[in-house]
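Participant: Below is the structure I would like to discuss, written out as structure tokens.
Nothing in this text is a laboratory measurement; each read-out follows from the coordinates by a stated rule. For clarity, every value in this text was computed on a predicted model and none was experimentally measured. Glycine gets a Cβ as well: all are built from the backbone with ideal geometry, and neighbour counts include every protein chain shown.
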Amino acid sequence: MTGSLSSLQAARSAVAALAEAGVRDVVIAPGSRSAPLAYALAEAELQDRIRVHVRIDERVAGFTALGLARGGRRPSAVVTTSGTAVGELLPAVMEAHHAGVPLVVLSADRPAELHGTGANQTTVQPGIFSGFPTAAVDVEAGTDPAEVISAALAQLGSGVPTGPVHVNLQFRDPLTPDSGDPLFLDAPDARAALPAEASPADRVPAEAAPARGTHRTVVVAGDGAGELAALFALRTGLPLLAEPSSNARFGPNAVNAYRLLLPELGPDIERVVVFGRPTLSRPVAALLARSDVEKALYLPRPVNWFTPGRRSETIITDIPGLLAFAGTGAPGWLERWQTASEAAQSALTNLLETQTELTGLQVADLLWDASDTNLVLGSSNVIRDMDLVASPDWHPLDVYANRGLAGIDGTISTAAGIALANGIPTRLLLGDLTFLHDVGALLLGPGETEPDLQIVVLNDSGGGIFSVLEHGALGEDPKYTALVERFFGTPHNADLAALCRGYGVRHQLIRSAAELESALAAPVQGRSVLEVPVARDALRGLHARVQAAVAASLRG
């Protein structure tokens, strides 16, 4: 055996190192081996050094911490006991890696002398997350973990890509405080939210080098691009094709329904400047794959999702170089896109006004325009609907989506973490399968801080996205209809209202656009669910009509 610190002393040191590194929120799931961390966190919370959130499900805990890190723009931590509890964090760790989110995992472990002995709840935890963590350390029982934790967290943003950090902490019995090592739990209960640490927004520097030449260039803003992409497009006079979670979808250069315009206007594109990580549409993916188009990817710092040599874009790390590559828009180039965008917007508006039943496109349109809160978008159809209809004339406070791996898991937990990060009311739009996948996140223990979170569930009783993919076309063949419906439509009859009642969350069934507008006009307070039933069997036809209407608008 090595080391002389008690488990509680080591846990206190670990918590102190987290606080010193800027961690303000820690999410913990219950467990025995992690008990020293629980006691140390309780002490730190009463001393107003850490804010603690308790969740019973480790997967929910991981995604809640992910949301706290994204919403707070600072590292957040999740604590689990040993064994399968650690494995439950893998989806959140994977998302944090690919999205560049500073998620700190503290996994409690048995001491080394119990490994390989068949001891209860003991497995190989070091390396369990493979190559996803930016840094990973295994701390022996009795050893002071402060130095290795500080070193691991110091790597974030210091020349290596930001992402998850895994700290595996071995603890020996006793796991609870004793009379010789008392807790300081007699401090006043101070649960006031800690102030957010503001991060200065990027700006195009006034002293940047002048752009060279005029080109038919477009700016593509993917997830996480930020307002810099919009300012860059404005400075250079270029069309801006911005995904909703880019947080760049605003201003006169932003093009609405751009993915429907690319078949018509795309062939004339000469150059593309990419901010962030585009993941939503096949037309944009096809544009970035073209060999006849010069492409530049703005990467001012390393990111986890990019491996050098694996993409065809020229990598540019500074704004002057990017301005020189992009040039300014050729005469009439921006105006051509703006005219097409206006025509597409008008065609979409006219078409949606003819719909007698609510559709995902209408729900997305109303939600975008009504949200002066944070807005979180689930994967699958809802974010693609939003990509078609979100008007650049308005922008919610901040828009988030788990686009690192674009999974549907953990979406409610992520949104709750975002809402809790700085106490900002938050709306979440997601599909019914995404809701059901993470419905356990609605469970909140007595005394836990309740987020101001309104969840809008687009319920088409199955997997609607497959209707507009190749599977939908195949499903129209009678030989395949039943197969596609069972294996891709995945129909269900879940009673969402009953689930909400069981978790003590307010539920409202929305049957019309007027009802939805009225519900969205009320402030977001506490947790609530707006369930909007829509028809899945009409989805493929609706999207075909949308595409035809936009194409007709371009023909005049």
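Participant: Working from the alpha-carbon coordinates of the range 232-273, get Rg over Rh, Rh being the Kirkwood radius.
Facilitator: Over the Cα atoms of the range 232-273, Rg/Rh equals 0.94.
Participant: On to the next question. Lys and Arg at +1, Asp and Glu at -1: add these up for the other residues within a Cβ distance under 14 Å of residue 484 and post the number.
Facilitator: -1
Participant: Let me ask another. Viscosity 0.692 mPa s, temperature 37 °C: Stokes-Einstein D of the range 7-170 from its Kirkwood Cα radius, in µm² per second?
Facilitator: Answer from the Stokes-Einstein relation: 216 µm²/s.
Participant: D for the range 358-537, whole µm²/s, Stokes-Einstein with Kirkwood Rh over alpha-carbon pairs at 20 °C and 1.002 mPa s: what number?
Facilitator: 129 µm²/s
Participant: Given H placed 1.01 Å from N in the peptide plane, which residues other than close sequence neighbours of residue 125 have an amide H under 5 Å from its amide H?
Facilitator: none
Participant: For the range 80-152 and the range 436-497, what is the separation of their Cα centres, given in Å?
Facilitator: The range 80-152 and the range 436-497 have Cα centres separated by 32 Å.
Participant: Highest mean first, how do 443-452, 522-531 rank when packing is the count of other Cβ atoms within 10 Å averaged over residues?
Facilitator: The peptides rank, most packed first, as 522-531, 443-452.
Participant: How big, in percent, is the set of alpha carbon pairs in the range 214-338 lying more than 24 Å apart?
Facilitator: 15 percent
Participant: Given the peptides 61-69, 250-258, arrange them by the average over their residues of other C-beta atoms within 10 Å, most packed first.
Facilitator: Result, highest mean first: 61-69, 250-258.
Participant: Around residue 32, with a cut-off of 11 angstrom between Cβ atoms, what is the net charge of the other residues, counting Lys and Arg +1 and Asp and Glu -1?
Facilitator: +1
Participant: If you wrap a convex hull around the Cα atoms of the range 473-542, how much volume per residue is inside, in Å³?
Facilitator: Residue-normalised Cα hull volume stands at 115 Å³.
Participant: For the range 11-58, run through the trypsin sites (Lys or Arg not before Pro) and keep only the ones in DSSP coil with at most 15 other Cβ atoms within 10 Å of their Cβ.
Facilitator: Of the trypsin sites (Lys or Arg not before Pro), not one in the loops of the range 11-58 has a Cβ with at most 15 other Cβ atoms within 10 Å.
Participant: Between the range 236-299 and the range 325-339, how far is it from one alpha carbon centroid to the other, in angstrom?
Facilitator: Taking the Cα centre of the range 325-339 as reference, the centre of the range 236-299 is 13 Å away.
Participant: Take each of the peptides 285-294, 536-545, average the number of other beta-carbon atoms within 10 Å over its residues, and list them starting from the highest.
Facilitator: Top to bottom by mean Cβ count within 10 Å: 536-545, 285-294.
Participant: Would you mind computing Rg(Cα) / (2.2 N^0.38 Å) for the chain, counting N as its residues?
Facilitator: 1.02
Participant: Something else: Counting other Cβ atoms within 10 Å, which chymotrypsin sites (Phe, Trp or Tyr not before Pro) in the range 101-187 have at most 15 and lie in a DSSP loop?
Facilitator: 184
Participant: Something else about it: Per residue, what volume in Å³ does the Cα convex hull of the range 354-393 take up?
Facilitator: Dividing the Cα hull volume of the range 354-393 by its residue count gives 79 Å³.
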